[in-house]
Structures are given as C-alpha cells and as structure tokens.
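The values are calculated or read from the model by the stated rules, or taken from the named source; none is laboratory data. Only a predicted model underlies this, so the values are computations on that prediction, with no experimental measurement involved. Here the Cβ positions follow ideal geometry from the backbone for every residue, glycine too, while neighbour counts run over all protein chains shown. Accessible surface is based on the protein model in full, side chains and every heavy atom, while ligands, DNA and RNA are left aside. Shrake-Rupley method; radii C 1.70, N 1.55, O 1.52, S 1.80 Å.
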Amino acid sequence: MKRIMLFIACMALWGLCNAQKGYHITGNLGQLQQDTFYLVVPNLNGTVNVLGVSILKEGNLEFKGQVPEPVVATIMTSDRQGMIPLMLENTDYSIQIGAESIEVEGGTEQAVFNQFNALQREAKKQQQKLQSDMKTAYEDANQMRVQALSGQAQKFMQNMQKRQTEIVKENANTSTAAYIVLTCGLQAPVEQLQELYNLLGEQAKSSVYGRIIAAQLSELGRVAVDKVAPDFTVNSPEGKPISLHGIKAKAKLVDFWASWCGPCRAENPNVIRLYKKYHDKGLEVLGVSLDDNKSKWVQAIMEDGLPWLNGSDLKGQASEIARVYGVRSIPFTLLLDENNRIVAKNLRGKELAKKIEELLKSK
C-alpha cells in the first residue's frame, strides 16, 4: 500500500513539474555589436510586454519563462534593428543564423509558423518585383502593360491565399492557424474571414487569436451582404460634404481606391465604361479615396477622368470609414440598392454589369 501511495505521489509530482514546464530559448547569433536582446510580446494598443532580457556572451543568448498559451513573440534589440519573430509556447527553442534568415526551431506551433513565414518571404519578393514593374509601366504610360501586371498581381494573390488556406486546413487546431487567419483576414472581406474562421478547430478558436477574430466578425457583421450600409460623410475635392445616404439613385457603387494603388487605377477605365452605360438609367458611383495627400488625389481624378462623385477624409489607410466597412485591401467595392442595402461586394467586369442591370430593372 505504501508503494502504491509513493507511486501516486511521484506521478503527481511529475505531473506538476510537467505542467509547470516553461519555454527555454537558446541560440547563437554570431559576433554582433548589439549585445542586449529583449523577448517581447506585442499588445493590441501598440505597446509591448517585456518577458525577458538576455545579454549576449560570445554570441549566445538565452531566455526562460512561461506563457499561459501560445503567442507570437519577438526577440529584438533595443533599437529594433534586429528582430526575430517566433510562436512562443512552453517548449525548447534553438536559434541559428541560416543562409537567408535567422532560423528558429522548436515545437509544433513554431513548425507551422515557419511554413507561414517562408510563404510570406516568397510573397514579399514577388510583390516588390510587381510593384517595380508597375511603376515602370506607369512612367512609360504603357496602359496594356499596366493591365497585364494587374492581372498577374491578382493571380499571384489568389495563389498565395490558396497556399495560406492549405496551411490552415492542415493545422486547423493550432494557435498558429488562428494567427494566420487573423493576419490574412486583415486583407480580406468579412465573408472571406468568416470562411477561414470556419476552418479552425475549437482549440484554435479559443486561442487569443481565435478570440480576436470572433470579435472582429461580430463587429463587421453589420456591413455584410443584405445589411443596410452605415451612412458616412466625406468631402469632395472642393470641400463639399457628400453623404452616402444622401445620394439618390436606383443603384449605388461605392468604390474604395487611392491614387497610389496601381490595381485601382487599372480598374478605373472599366468602371468609367459602366458609369457611362448605366448612369442615365439610375446608377451613381461614389469614389472614396484612401489618400492622405489632397493634391495627389485630385491629380489622379483628373488623369483618370473620373466623372462620378469623389470624396475622402484624407486620413489615408487610417480612415475610420474604411475600418467600419472592413476594407482590408483596395480596390474594394460595394453595390447598394436605392434603400442602401448592400447587394454585393467586390464584383468586377461582366458580373458587376449583370448585377447593376438586375438592380435597375427591378425598379
């Protein structure tokens, strides 16, 4: 009986020690001039929590501690010139300088995080190339090249989204999957964010990132299809207030764009054709610019020959209107009926023309 009790006591002690096991990060960063590194976790308000400090000794660093649940953390210098992201959970980590980047290994969550980071690095390289090519095409006034590059960018983004979704599906019950959904959802319409959220397992949904997504979905539900679009007011280039609900039309197209957005500018000729075809039949377009520079905004309106109502709060990507409408990327459009009910989002070309015709014929 004593042996049994001793065995139970030992097992209980082992379980307690195992439950209290925290993270242990070790690594070698070579000969760096910066000798102090901080392990921090970002807060939603832009501040950070410092979890630990490590002074390099012959290039070696070390952090120990515990976290209540997996969370994205960063090892960084005080001047933020050196930053190493990782998905922190209570496990062992090793850090080494790799061929193209600093490599972090350790735990299931980090393995998924590494997949996502590799995909992000690939996306960044391709985006930089496309942006450079787009700039050259604009400078050369090569509209056909601009259109072609815009199509390439769209296909590239679709491929990236597909690969990100595959990572989420394959690791649906990890906190990292919820983090990926949250990160990708920052650039996606609410409907797409909901679809991605539905892919997550219950454990992922209950993670800190899953909880943030759920809160966002609740807030963005008011601008879903079939909801009445919230009213807002923007100023025209001449300073005249324009109210969304004050516009009287059988069909309204709200077009979020900006002078610096290549795909937006490439899409403008298509919208102009629709406007000319349907304006006399009851279509109105309101262009809402996410510019913060009035002169560049006005110049783009003139260069592209935009004949419809144009307005902006000139707050750029910090626009409160864009936040309320869940605008994650531009161009972003909403089609409304005469009662300001959202009929569709982000339609293009023939699909948009067909929907506009349906709205106008139903009146």
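When Gly151, Gly82 are checked against the criterion of being of a type in the set (Gly, Ala, Ser) and under 21 Å from the mean Cα position of the chain (by Cα), a single residue qualifies: Gly151. Confirm whether Asn142 is open to solvent by 60 Å² or more (accessible area, probe 1.4 Å) and under 16 Å from the mean Cα position of the chain (by Cα). No, not satisfied.
Restricting attention to region 272-312, the residues that are touching a residue at least 12 places away in the same chain (Cβ under 8 Å), of a type in the set (S, T, N, Q) and open to solvent by 40 Å² or more (accessible area, probe 1.4 Å) add up to 2. Here Thr47, Thr74 are screened, and the one residue that is within 28 Å of Lys205 (Cα to Cα) and open to solvent by 60 Å² or more (accessible area, probe 1.4 Å) is Thr47. Residue under question is Val234, and the condition is that it be touching an Asp or Glu at 6+ places or on another chain (Cβ under 7 Å), farther than 30 Å from Ile301 by Cβ, in contact (Cβ under 8 Å) with a residue 60 or more places away in the chain and not charged (D, E, K, R); does it hold? In short, no.
Within region 311-363, being among the hydrophobic types (A, V, I, L, M, F, W, C) and more than 23 Å from the chain's Cα centre (by Cα) holds for Leu336, Val343, Leu352, Ala353, Ile356, Leu359, Leu360. For Arg121, the conditions (1) open to solvent by 50 Å² or more (accessible area, probe 1.4 Å); (2) over 23 Å from the mean Cα position of the chain (by Cα); (3) not small (Gly, Ala, Ser) are fulfilled apart from (2). Of all positions in region 136-147, none carries a residue that is part of a loop (DSSP other than H, G, I, E, B), touching an Asp or Glu at 6+ places or on another chain (Cβ under 7 Å) and of a type in the set (S, T, N, Q).
Tell me, yes or no, whether region 314-331 has at least one residue that is open to solvent by 60 Å² or more (accessible area, probe 1.4 Å) and within 18 Å of Gly262 (Cβ to Cβ). Taking every residue of region 314-331 in turn, at least one turns out to be open to solvent by 60 Å² or more (accessible area, probe 1.4 Å) and within 18 Å of Gly262 (Cβ to Cβ). Pairs needed: first member in region 155-175, under 14 Å from Leu199 (Cα atoms) and open to solvent by less than 70 Å² (accessible area, probe 1.4 Å); second member anywhere, among the hydroxyl-bearing types (Ser, Thr, Tyr) and in a helix (DSSP H, G or I); C-beta distance under 7 Å; at least 6 residues apart or different chains. Going by the 7 Å Cβ cut-off, the qualifying pairs are Thr174/Thr108; Ser175/Tyr209. Scanning region 233-264 for residues that are open to solvent by 30 Å² or more (accessible area, probe 1.4 Å) and either within 30 Å of Ala148 (Cβ to Cβ) or polar (S, T, N, Q) (or both) gives Thr233, Asn235, Ser243, Trp260, Pro263.
Note on region 207-232: among residues that are of a type outside the set (A, V, I, L, M, F, W, C) and in a helix (DSSP H, G or I), the one that is surrounded by the most Cβ atoms within 10 Å (Cβ to Cβ) is Tyr209.
What number goes with the only condition from (1) in a strand (DSSP E or B); (2) modelled with pLDDT of 95 or more that Asn90 does not pass? Here Asn90 clears every test but (1). Set side by side, the residues Leu283, Leu244, Leu309, Leu290 differ, and just one is among the aliphatic types (A, V, I, L, M) and within 26 Å of Ala153 (Cβ to Cβ), which is Leu290. Of everything listed in (1) at positive phi; (2) at pLDDT below 85; (3) in contact with a strand residue (DSSP E or B) (Cβ under 9 Å, 6 or more places away or on another chain); (4) open to solvent by 20 Å² or more (accessible area, probe 1.4 Å), the single unmet condition for Gly107 is (2).
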